[in-house]
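Participant: Below: one structure in C-alpha cells.
The values are calculated or read from the model by the stated rules, or taken from the named source; none is laboratory data. Owing to the predicted nature of the structure, the values given are computational and were not obtained by experimental measurement. Heads up, the Cβs are rebuilt from the backbone with ideal geometry, glycines too, and the neighbour counts pull from every protein chain shown. All accessible areas refer to the heavy atoms of the entire protein, side chains included, with ligands and DNA or RNA removed. Shrake-Rupley method; radii C 1.70, N 1.55, O 1.52, S 1.80 Å.
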Number of protein chains: 2
Amino acid sequence: MVDYHPKDSEYLNKLQDYYADWKSIPSYAKLCEVFGITSKSWVKAILDRLCAAGFLERTPDSVWVPTRLFFARPLAESSVQAGMPMVVTATQGDFFIIDDMLIDTPSKTILIPIKGESMIDAGIHDGDVAVVEKRMTANIGDIVVAIVDNEFTLKTLDKESGHFILRPANPVFAVIRPQGTLEIFGILVGLIRKYRR
Amino acid sequence: MVDYHPKDSEYLNKLQDYYADWKSIPSYAKLCEVFGITSKSWVKAILDRLCAAGFLERTPDSVWVPTRLFFARPLAESSVQAGMPMVVTATQGDFFIIDDMLIDTPSKTILIPIKGESMIDAGIHDGDVAVVEKRMTANIGDIVVAIVDNEFTLKTLDKESGHFILRPANPVFAVIRPQGTLEIFGILVGLIRKYRR
DNA sequence: TTTTATACAGAACGAACGTTCTTAGAACTA
DNA sequence: TAGTTCTAAGAACGTTCGTTCTGTATAAAA
C-alpha cells in the first residue's frame, strides 16, 4: 500500500467490495454509506488520496474510475513461518493482477470451458476453463486445442514416426492419430477452476 | 442483436466505443454528444431499449452498468465452423473477466502459491495458485487452508470419529489429525495455473 | 388527402450532485 | 496548560442530474 493514511486501506477494501458487486463507483452520498462515515467532504478527501496513490483516476468528465492497481490481489508467500501468517499477508507480500498474469495478448486469447476427463492426469478436470492463446503452430509437448471433427479437443501434441498425434492424459482415452493435416486452434497457456461455495 | 429499433445497434456501437475509452457510462447530457443527438429524453429511451435488450442494467442506485452481453463479440474470426462450443473472448475491452469470475469479495480474497504434491489427485499441482477466501469456518468436504505448525497447508476437511482431520489427495501423504483445535485460515474458491510458453 | 405512428427536440422541475468553507472534537506536542 | 494537527461532521451553494411532459417534422398508412 502506497498511501499514507492508516485507514485508507480499509476504505479501499470497502470500495473494492462494492465495486465487485456493482461494477461502478457510486456517488459521494452513497460512498458515505459504503465507508461508514457521514461527511461527503471526507469522502472526497479519501478518493483524492486513493487517486494520488494510483488506485483511482478520473475521466475528463470527472467520473471516478478504478485503475489496474485497483484490481491487484495480495499474494501470500507460502513459506511463512514466524508469527501469524495473517499478519504477514496483511502487511507485506506481492500483489498480482490475475488477468495480467494469465493473458499476454488479449486479442488472441479466449476462454474455453473443458468438457470430459480426457486430460485428468494433467490436472485438467471437467468444468475447468482453459485459457487458450490462438495460434496455428505448436511444439511437441505443448497442450494444444485442436479441431477434430468440428469440435475442439484439448490434448498434448506429440509425434509418432513422423506424424503428429494428440495424446490424452487419461489411459481410458485413445490417442488421436489424425489422417492428413492437423488443425491447431491454439495452445493452452492457463487454467482456471472455480469451486462451488 | 435482439433490439427492435434499427438505429439502436449504431447507438450501441457508439456507447461501446465510449466505454472502451473511459470505462464508464456518462451522464445523459454527455450521451447526447456521444450519440449525436440533442435530446436527453431520447437518450433515456435508447438506454431503456438497450436495457430491455439485455446490454445494460441498472444498479439499485439507478446507475447504468454494462452487462456481459455488452462486451460480447462476434466470434466469426478464424476458420472455425458452426457447432463450436461456447467461447468467451478474453478481451472484454481490457476488462477483468477472470478476476471477476473467481473473486466475490476482494477484501477477503488472497492468492496463495501451492507447494508440493499433496493434493495432486484433486488436480492441484505444485506451482498452481490457490484463490482463497479468508474465513474461519468451513464445511466437511471443503478444501481448506489450515494453519499447521505456522505453515499454510491445503487439504480437504473431513471428520473422523468426532474430530476434524485434514485429508490430502495423495496416498503418499498422511492424514493430518490435529491435536486440540484446528485453525482454519480460509477455503479454496478457485485455482489458477499458468503454463510456460 | 388525412391520419397515425415514428424519431427526435426542447423546456421545466425538483432532486441529487460535487465542491468548498466552516466548525468541532480528539489526539498529540510543546 | 495551551497550542496544533488530524479526522471528520455539517452546512451552503451553484451546477448538473434524470425524469416527465409537450411539441414537431417526417414518413408511412389509410
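Participant: Helix-only mean residue ellipticity at 222 nm, chain A, DSSP H runs n ≥ 4 weighted -39,500 (n - 2.57), per residue, nearest 500. What is it? Can you show the working numbers first?
Facilitator: Working: 5 runs with 48 residues, N = 197.
-7000 deg cm²/dmol, from helical runs alone.
Participant: Just checking the output field for B:113-122: average partner chain Cβ neighbours within 10 Å of each residue's Cβ?
Facilitator: 2
Participant: Okay, moving on. Mind telling me which of A:G123, A:G186, A:G162 comes out most flexible in a GNM of chain A, alpha-carbon contacts under 10 Å?
Facilitator: A:G162
Participant: Continuing with this model, one more query. Which of B:I114, B:V34, B:F71 sits closest to the plus end of the dipole of chain B, meaning its Cα is farthest towards the positive end, when Lys and Arg get +1 and Asp and Glu get -1 on the C-beta?
Facilitator: B:V34
Participant: Additional query: Please state the relative contact order of region A:106-192 as a whole percent: Cα pairs under 8 Å, 6+ residues apart?
Facilitator: Details: 183 pairs, mean separation 29.2, N = 87.
Once normalised by length, the contact order is 34 percent.
Participant: Might you tell me the accessible area per residue for the protein assembly as shown, computed with a 1.4 Å probe and given in Å²?
Facilitator: Roughly 51 Å² per residue, with all protein chains present.
Participant: Please give the total accessible area that chains B and A bury against each other, computed with a 1.4 Å probe and expressed in Å² to the nearest 100.
Facilitator: Counting protein atoms only, the buried area is about 6400 Å².
Participant: Then there is this: Could you work out which residue, out of B:N139, B:N170, B:N150, moves most in a Gaussian network model of chain B, that is, has the largest mean-square fluctuation with Cα springs under 10 Å?
Facilitator: B:N150
Participant: Label-point separation (nm) for A:T59 and B:C32, each offset 7 Å from Cα along Cα-to-Cβ?
Facilitator: 1.7 nm
Participant: Let me ask something else about it. With only Lys, Arg, Asp and Glu charged, each at its Cβ (+1 for the first two, -1 for the last two), find how big the charge dipole of region A:106-192 is about the Cα centre; round to the nearest 20 debye.
Facilitator: Numbers: 8 positive and 11 negative charges, 51 e Å.
Taking the Cα centre of region A:106-192 as origin, the dipole is about 240 debye.
Participant: To continue, here is another question. Once the convex hull of the C-alpha atoms of the protein assembly as shown is built, how many Å³ does it hold per residue, rounded to a whole number? Each step should come with its number before you reach the end.
Facilitator: Working: hull volume 70.3 nm³, N = 394.
Value for the protein assembly as shown: 178 Å³ per residue.
Participant: About its Cα centre, how strong a charge dipole does chain A have in debye, to the nearest 20, once Lys and Arg get +1 and Asp and Glu get -1 at the Cβ?
Facilitator: Details: 22 positive and 25 negative charges, 82 e Å.
The dipole magnitude comes to about 400 debye.
Participant: Under the classification rounded if a/c is under 1.5, otherwise prolate if a/b is larger than b/c and oblate if not, where does region B:121-165 fall, given a ≥ b ≥ c as square roots of the Cα gyration tensor eigenvalues? Mind showing how you got there, number by number?
Facilitator: On the way: a/c = 1.72, a/b = 1.46, b/c = 1.17.
Prolate shape, in that a/c is at least 1.5 and a/b is the bigger ratio.
Participant: Which of rounded, prolate, oblate describes region A:106-192, given a ≥ b ≥ c as roots of the alpha-carbon gyration tensor eigenvalues and a/c under 1.5 marking rounded, otherwise prolate only if a/b is larger than b/c?
Facilitator: Oblate, since a/c reaches 1.5 and b/c is not below a/b.
Participant: Additional query: Show which lysines lie in cross-link reach of A:K40 when reach means a straight Cα distance below 17 angstrom and same-chain residues fewer than eight apart are skipped.
Facilitator: Excluding near neighbours in sequence, the set is A:K7, A:K14, A:K30.
Participant: Quick one: Cα centre-to-centre distance for region B:112-179 and region A:155-191, in angstrom?
Facilitator: 34 Å
Participant: Further question: When a/c is below 1.5 the answer is rounded, else prolate if a/b is larger than b/c, else oblate, so apply that to region A:34-73 with a ≥ b ≥ c taken from the square roots of the Cα gyration tensor eigenvalues.
Facilitator: oblate
Participant: What nm distances, shortest first, do you get from the label point of A:S27 to those in the other copies when the point sits 7 angstrom along Cα to Cβ?
Facilitator: Output for A:S27: 1.1 nm, nearest copy listed first.
Participant: Label points 7 Å out from Cα along the Cβ direction at A:W22 and A:R177: separation in nm?
Facilitator: 6.2 nm
Participant: Could you pull the copy-to-copy label distances for B:I140, with points set 7 Å along Cα to Cβ, in nm to one decimal and sorted shortest first?
Facilitator: List, nearest first: 5.0 nm.
Participant: Sticking with this structure for a sec: Mind checking which lysines have their C-alpha under 29 Å from A:K115, skipping anything on the same chain fewer than 8 residues away?
Facilitator: By straight Cα distance, A:K115 reaches A:K134, A:K155, A:K159, A:K194, B:K115, B:K155, B:K194.
Participant: Moving on to the next point. Carbon-plus-sulfur fraction of the accessible area of the protein assembly as shown, 1.4 Å probe, in percent?
Facilitator: On the protein assembly as shown, the fraction of accessible area on carbon and sulfur atoms equals 55 percent.
Participant: Relative to the Cα centre, what is the charge dipole magnitude of the protein assembly as shown, using +1 at the beta carbon of each Lys and Arg, -1 at the beta carbon of each Asp and Glu, and rounding to the nearest 20 debye?
Facilitator: Computed about the Cα centre, the dipole is about 540 debye.
Participant: Which residue, A:T153, A:T105, A:T181, has the most motion in a Gaussian network model of chain A that connects Cα atoms within less than 10 Å?
Facilitator: So, out of A:T153, A:T105, A:T181, the one fluctuating most is A:T181.
Participant: Also: Of A:S9, A:S41, which has the most accessible area with a 1.4 Å probe, and how do the rest follow in descending order?
Facilitator: Final ranking, largest accessible area leading: A:S41, A:S9.
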